[in-house]
Amino acid sequence: MLEVTIRKVRPEDVDKVAEIEAICFPRAEAAPRESFEKRIAVFPDYFLVAEIKGAIIGFINGCVTNSPVIYDEMFQDTCHHIPTGSNVSVFGLDVLPSYRKQGIAAQLMQSFIQLARRTGRKKVILTCKENLVHYYESFGYASTGLSASTHGGSRWYDMTLALPDDTSPLA
Ligand SMILES: CC(C)(COP(=O)(O)OP(=O)(O)OC[C@H]1O[C@@H](n2cnc3c(N)ncnc32)[C@H](O)[C@@H]1OP(=O)(O)O)[C@@H](O)C(=O)NCCC(=O)NCCS
């Protein structure tokens with residue numbers, strides 16, 4: 001089994017993260033390097049990378065919001081990050097193709113959910129395409145229907161995970 005390390009993003013990871021995003025998403029949906037640079041500068045707390053032998057092979061990132069659902073402007077501008085907000089959004093979950101179907105995205109997602117819970121957030125929210133609804137349901141997310149998002153010209157579903165209270169100390 002692959003030994004995967006999940007850790008918080010660092011500023012110097014920006015090039016690799018942007019490179020992985022360009023591989024994982026079509027051009028119209030992929031966040032550009034500039035967006036990652038801003039996100040890492042403004043809200044690095046909910047940005048985790050997966051490493052194997054020191055090389056980044058995947059990541060998950062999002063911001064904090066009071067909105068119960070994701071809206072498109074969140075992707076574009078870091079001003080939508082509300083540090084005291086109740087909910088954490090997931091902007092993207094990416095794993096390089098050659099490392100897929102080994103549970104690496106699941107490890108990233110579980111770590112992200114745990115982080116959101118331990119930092120007192122109430123919900124994790126994301127949008128996904130229809131083919132991934134069942135995947136996110138496997139983590140406990142519930143589909144709340146079609147999203148108003150038209151990000152990249154695609155059809156998206158709103159997914160919400162309600163978090164139980166967890167005030168245990170951070171690991
Ligand atoms: C979606 C994505 C992040 C999943 O990454 P991953 O690391 O392959 O995810 P996992 O390994 O946790 O799970 C993927 C599948 O592999 C299965 N799997 C997990 N471990 C496995 C193993 N050891 N052996 C075989 N299958 C396994 C999971 O059950 C899941 O099956 P499903 O597709 O039937 O639900 C990846 O495909 C990706 O980057 N896609 C492009 C970007 C994207 O669409 N991101 C999501 C945006 S909402």
Measuring with a 1.4 Å probe in the full set of protein chains, what accessible area per residue, in whole Å², belongs to the chain?
51 Å²
Show the residues, 5+ positions off or on another chain, whose built amide H is closer than 5 Å to the amide H of Cys63.
Ser89, Phe91
On full extension of the chain, what length is gained from Ala28 through Asp165, given 0.36 nm per residue of separation minus the C-alpha to C-alpha distance?
45.6 nm
Quick check on the chain: helices-only [θ] at 222 nm, where DSSP H runs of length 4 and up contribute -39,500 (n - 2.57) each and the sum goes over total residues. Nearest 500, please.
-7500 deg cm²/dmol
Taking the Cβ-Cβ separation of Ser98 and Arg155 as r and a Förster radius of 35 Å, what is the calculated FRET efficiency to the nearest 0.05?
0.80
Describe numerically, in nm with one decimal, the distance between label points set 7 Å from Cα along Cα→Cβ at Glu3 and at Ile82.
4.3 nm
DSSP H helices in the chain with Cα extent of 27 Å or more along the helix axis and mean Kyte-Doolittle hydropathy at least -1.0?
none
From the Cα gyration tensor of the chain, with a ≥ b ≥ c the square roots of its eigenvalues, which class applies: rounded if a/c is under 1.5, or else prolate if a/b is larger than b/c, or else oblate?
rounded
Set Lys38/Lys122; Lys53/Lys123; Lys53/Lys122; Lys16/Lys101, cut-off 29 Å on Cα-Cα distance; pairs above it are Lys53/Lys123; Lys53/Lys122
Highest-MSF residue in the chain out of Asn87, Asn131, Asn61 [GNM, Cα springs under 10 Å]
Asn131
Under a Cβ-only charge scheme (Lys and Arg +1, Asp and Glu -1), can you give me the dipole magnitude of the chain about the Cα centre, in debye to the nearest 20?
300 debye
Determine the relative contact order of the chain: mean sequence separation of Cα pairs under 8 Å and six or more apart, normalised by residue count, in whole percent.
20 percent
Keeping the other protein chains in place, figure out the carbon and sulfur percent of the accessible area of the range 60-135, with a 1.4 Å probe.
52 percent
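The values are calculated or read from the model by the stated rules, or taken from the named source; none is laboratory data. It should be emphasised that the depicted structure is a prediction, and the values quoted were computed from it without experimental measurement. So basically every Cβ, Gly included, is an ideal-geometry build from the backbone, and we count neighbours across all protein chains shown. What goes into the accessible areas is simple: the full protein's heavy atoms, side chains included, and nothing from ligands, DNA or RNA. Shrake-Rupley method; radii C 1.70, N 1.55, O 1.52, S 1.80 Å.
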